[in-house]
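Data block below; observations after.
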Amino acid sequence: MTLLFVFFLLLLAVPALAQTPSRKPPGGTDVIPLPTLGGKQFWTDLQFFHQWRIQRHALTGECRLLDEHNVRHAWGTLKRCRRELEKIKRRKRLPPMQGEAVLVLHGLIRSRASMAGLCDHLEKQGGYQVFNVSYSSTRLDVASHAAALNNIMENLDGIESISMVGHSMGNIVIRYYLGDTADRPDPRLKRIVMLAPPNQGSLAALAFSEVNLFSAINGTPGLELGRDWDRLEPKLATPGCAFGILAGGCVSPSEELRLAGLDAGATTCVETSRSVSGPSCSVVADPYNEVAESDETNNTWAGIIPMLTPPPICTVTPTPTSRPAHVVLPLLVK
């Protein structure tokens, strides 16, 4: 009986904890750095310095400072973690950031680990400084994720040119960020590559919006991509810079501005990826719908680097019938 009573109290305590994210934790510095998993579904990156990251927990509001190996060096408030990062910069004589950078954002439910292969390829083959962004995709709404992205952008001191690569909902976060900063766009933002973006909402999210298990797993963002899309879409901006789209499904090579020939089985297909044509938009179809997979053997990411220099008009290019390998990496070339 006592155990049941304790369990009942715990059930009451968890929701209360989730409703008080602004409570300031005491914080501290780790005398012995503590290994972590780097954040999966509950931690959101707020700031980068090279591969050092400051994250915030979605439920408690606690922040922590991680190094490139996901080892924790400080925890507590954002101010405390920033202060400790400055100490580490001086103690380790870390050089300032500079050059061209690419921010990579994963999709709903996924983690930054799903984009690790792409990030590694961009670093080795493209020569970019890559920031693989982690965010609590299922725990907070799109607006909160966009605010965190804005915080990252504002703290990329020294970086001269920035491009973004998003997968699935990561692109919606990017577009929300662009809408939030429409009156003060970052002049460093050069190009954006969208991998399977649900630019017209998600058909799967819409179909399962009323299923309790779906909303429990996917949280508010899952509903925003489906049932609540009409409220979310007006807040999304079309990129003002050059951008390219790589989506699942098939296209007809005879059509340029209207995307057709869809693969009805695709979760995020060309039709739902279509967005308002921007000043420089390149759209490439991937009939294998493998844009989120990293496969060094098949060189799956080979087309992204060249796609960061899209043509000056919106075009649709059919994918080679072999694999999507030849269209992924070319999207980002200098």
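The values are calculated or read from the model by the stated rules, or taken from the named source; none is laboratory data. Being a predicted model, the structure only gives us computed values, none of them experimental. FYI the Cβ positions are ideal-geometry reconstructions off the backbone, even for glycines, and counts take in every protein chain you see.
Tabulated data for the structure shown
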{"read-out": "Any chance Pro197 is assigned to a loop (DSSP other than H, G, I, E, B) and under 13 Å from the mean Cα position of the chain (by Cα)", "value": "yes"}
{"read-out": "Qualifying residue in the range 150-173 (condition: at pLDDT below 95, over 13 Å from the mean Cα position of the chain (by Cα), crowded, with 20+ Cβ neighbours inside 10 Å and not hydroxyl-bearing (Ser, Thr, Tyr))", "value": "no"}
{"read-out": "Pick from the range 123-149, criterion in contact (Cβ under 8 Å) with a residue 60 or more places away in the chain and assigned to a strand (DSSP E or B), ranking: surrounded by the fewest Cβ atoms within 10 Å (Cβ to Cβ)", "value": "Gln129"}
{"read-out": "Single residue of Asp120, Asp67 found to be touching a helix residue (DSSP H, G or I) at 6+ places or on another chain (Cβ under 9 Å) and surrounded by fewer than 21 Cβ atoms within 10 Å (Cβ to Cβ)", "value": "Asp67"}
{"read-out": "Only one of Arg83, Arg64 that is within 24 Å of the chain's Cα centre (by Cα) and either at pLDDT 95 or above or in a strand (DSSP E or B) (or both)", "value": "Arg64"}
{"read-out": "Tabulated pairs, the range 216-236, first more than 19 Å from Ser136 (Cβ to Cβ) and touching a residue at least 40 places away in the same chain (Cβ under 8 Å), second charged (D, E, K, R) and assigned to a helix (DSSP H, G or I), C-beta under 9 angstrom, 6+ apart or interchain", "value": "Lys235/Arg175; Lys235/Asp180; Leu236/Arg175"}
{"read-out": "Flag if Asn218 is touching a Ser or Thr at 6+ places or on another chain (Cβ under 6 Å), assigned to a helix (DSSP H, G or I), of a type outside the set (Val, Ile, Thr) and within 13 Å of Gly107 (Cα to Cα)", "value": "yes"}
